[in-house]
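For reference, the structure is listed below as structure tokens.
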Amino acid sequence: MRILVPVKRVIDFNVRPRIKADGSGLDLANVKMAMNPFDEIALEEAVRLKESGEAAEVIVVSVGPAKAQDTLRTALAMGADRAILVEHDADVEPLAVAKILKEIIAETSPDLVILGKQAIDDDANQTGQILAGLLTWPQGAFASRLSINGGKIDVTREVDGGQETVRLSLPAIITADLRLNEPRYASLPNIMKAKKQHVTIKSPADYGVDCTARLKTLKLAEPPARSAGIKVPDAEALAVKIKEMGVA
Ligand code: AMP
């Protein structure tokens, strides 16, 4: 089995994003970037499937600027076998990413594609679902557990009322939720080795995909600051306060 894992380079989740003064977007100058955390989980799952003998090859792909090669090298250090960068400097919307992935899938023939459930920069939560639609492949979104049984894959999904398990036939699309696993750290020797590994460089035009934006960000604003809380001396005072505020 071959697994494809799309990984996006995003602002490191520990960094507090700064909005540009004109509200047109995020200020990314000198900001630490990293692999989207849900993609680390997707990749970890793919590497575990390889280690358990279920998969023979893990391919990682990123659509982004030349710097996204760093993200792909982290993925190689975590255990991916080969990497493809589809180089594009501007932001790429989920539809265009999904169209590119569809072409890469035609080229590489994976049995399984594991994406993150969402990229933490745009919080779109769309790419996996659009890709499944374009391919008319079954999809298991928000996976918290996977198990492969012959040509089928059972996916336990985090849904509103609890957990749901669905059985998909392969090839299929999975999107990884937080509880699927705890991703490993790449070891230093593997990081050093990955620096020398080949990354295939392509462009959206190689796949016949037009990445022109269809959406325009009108304005980006910080969430309103939280007003300060108050302290009450005891439970009785708390009950009075709750009544006063009309929330009970
Ligand atoms: P989104 O729909 O943007 O929230 O992203 C969902 C998932 O799609 C991510 O977790 C990645 O696995 C994949 N993805 C989105 N954008 C890219 C990109 N530019 N390059 C590679 N994978 C991406």
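The values are calculated or read from the model by the stated rules, or taken from the named source; none is laboratory data. Predicted model only: the values in this text are computed from it and were never measured. Note that each Cβ is placed from the backbone with ideal geometry, even for glycine, and that neighbours are counted across all protein chains shown. Note: areas computed on protein heavy atoms with side chains; ligands, DNA, RNA excluded. Shrake-Rupley method; radii C 1.70, N 1.55, O 1.52, S 1.80 Å.
Things worth noting here:
- All of I191, I230 fail the test of being farther than 25 Å from K99 by Cβ and modelled with pLDDT under 95, apart from I230.
For (1) touching a helix residue (DSSP H, G or I) at 6+ places or on another chain (Cβ under 7 Å); (2) hydrophobic (A, V, I, L, M, F, W, C); (3) open to solvent by 60 Å² or more (accessible area, probe 1.4 Å), each residue gets a yes or a no:
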| site | (1), (2), (3) |
| --- | --- |
| I59 | yes, yes, no |
| G64 | no, no, no |
| A68 | no, yes, no |
| T71 | no, no, no |
| L76 | yes, yes, no |
| D89 | no, no, yes |
| A98 | yes, yes, no |
| E103 | yes, no, yes |
| S109 | no, no, yes |
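- Taking the stretch 22-37 as the range and being over 17 Å from R73 (Cα atoms) and not β-branched (V, I, T) as the test, the residues that pass are D22, G23, S24, G25, L26, D27, L28, A29, N30.
- Candidate set from the stretch 220-244 (those that are in a loop (DSSP other than H, G, I, E, B) and among the basic types (K, R)); member that is farthest from G25 (Cα to Cα): K231
- Test set (1) part of a helix (DSSP H, G or I); (2) open to solvent by 80 Å² or more (accessible area, probe 1.4 Å) - Y185 fails condition number: (1)
- A single entry from L188, L180, L215 fulfils the requirement of being closer than 28 Å to L146 by Cβ and out of contact with any His (no Cβ under 9 Å at 6 or more places or on another chain): L180.
- Contact map, the stretch 1-15: residues that are at negative phi and without any contact (Cβ under 8 Å) to a residue 60 or more places away in the chain paired with residues that are open to solvent by 60 Å² or more (accessible area, probe 1.4 Å) and more than 7 Å from the ligand (Cβ to nearest atom), Cβ distance under 6 Å, separation 6+ or inter-chain. Pairs shown: D12/K32; V15/K32.
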